[in-house]
Structures are given as C-alpha cells and as structure tokens.
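Read through the structure below, which is laid out as structure tokens, and then see the notes.
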Amino acid sequence: MKNNIKDLTFSEIVGAIMLFSFGFRILFRGVFWIKEQGDVLDDSNFYLALHHVMPIWIWGILVGFAGLIIIVSSVFLASSDENNRCSWLLLVGGALTGILYFLMTSASVYHAINWLSTVHFAVMSTTGFIVAFIGGADIYARRK
C-alpha cells in the first residue's frame, strides 16, 4: 500500500482530494442537520417537507454516514490496485448519497428557497450515482 505522498501519482492526489472534499461536504450537511435541527426546520419549507418523511436528525445521520464512507474511500484510493476496499466504499457511499440527494431533489422542487438548491441537490445526486457506478464497475471488472 502506498503510504507516502511521494509515491502517489498526480491523478491519485487529485482524485483523493476531490473524493475527500465531496465526502466532507456531504458529512457536514448531515452534522448541521443533527446539531441545528430546530433552526433547520425554521429555515424553509424544504426542510419541513423532509421532516414529514422522517425526522431531520435521522436524515442528518444518514447523510453524514454517507459522507463519512466517501471520505474513508479517499484514504484507500491509492491502494485500489491492490484491493477492492475503495471500490466497495465508493459503491455503498455513492449509492447512499445518490439516493438521499435524489429524495432531497424531489422534495426541493416545490419547497426550495430558490432554484439553485434544487440544481445543487440534483448535481450531488448525479455525482453520487456516478461514484457508485465507478465503484461497482471496478468490482465487476475484477471478478472477470
């Protein structure tokens, strides 16, 4: 396993940074919903719509967990040629992110503060599904 930054290629460094920042953004949305649930529910009708499906703090736990999985996958990215831990983490974290953000996109269509929120959620959902596809495709390719 590569454990020294000098051993990483430029692509591995950029990929790890992008995965980490993607996961970090997801994680802290979840942390915000857990920590500030009272304020969140007063912010917009979008959060109330999510809260009617299940409590906002549960959304926060699920979203935070998905972000944490993506962050951990960035740690294993450099050793992805030696094992498939990164691929499994990408598959699970990406799928969970994609599904959760798809539900948030659906809830935000009529309840968001502005159209940018809906577009942001749609981009995050699409990115999550692409990350899951990449992880799943790598797992499938290794089994052949």
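The values are calculated or read from the model by the stated rules, or taken from the named source; none is laboratory data. Just so we're clear, the structure is a prediction, and the values are computed from it rather than from any experiment. Positions of Cβ are generated from backbone atoms using ideal geometry, with glycine treated the same way; all protein chains shown enter the neighbour counts.
Restricting attention to the range 93-144, the residues that are without any contact (Cβ under 8 Å) to a residue 24 or more places away in the chain, of a type in the set (A, V, I, L, M) and either in contact with a helix residue (DSSP H, G or I) (Cβ under 7 Å, 6 or more places away or on another chain) or under 21 Å from residue 69 (Cα atoms) (or both) add up to 4. Filtered by the rule that a residue be more than 14 Å from the chain's Cα centre (by Cα) and either surrounded by fewer than 17 Cβ atoms within 10 Å (Cβ to Cβ) or at positive phi (or both), the range 61-105 gives 75, 79, 81, 82, 83, 85. The set of residues in the range 106-135 being surrounded by 22 or more Cβ atoms within 10 Å (Cβ to Cβ) and of a type in the set (Ser, Thr, Tyr) consists of 108 alone.
If you go through the range 27-40 one residue at a time, do you hit one that is closer than 17 Å to residue 120 by Cβ, β-branched (Val, Ile, Thr) and either over 19 Å from the mean Cα position of the chain (by Cα) or at pLDDT 90 or above (or both)? Scanning the range 27-40, I find at least one residue that is closer than 17 Å to residue 120 by Cβ, β-branched (Val, Ile, Thr) and either over 19 Å from the mean Cα position of the chain (by Cα) or at pLDDT 90 or above (or both), so the answer is yes. Evaluation of residue 49 against the conditions (1) under 22 Å from residue 15 (Cα atoms); (2) in contact (Cβ under 8 Å) with a residue 60 or more places away in the chain shows that the sole unmet condition is (1).
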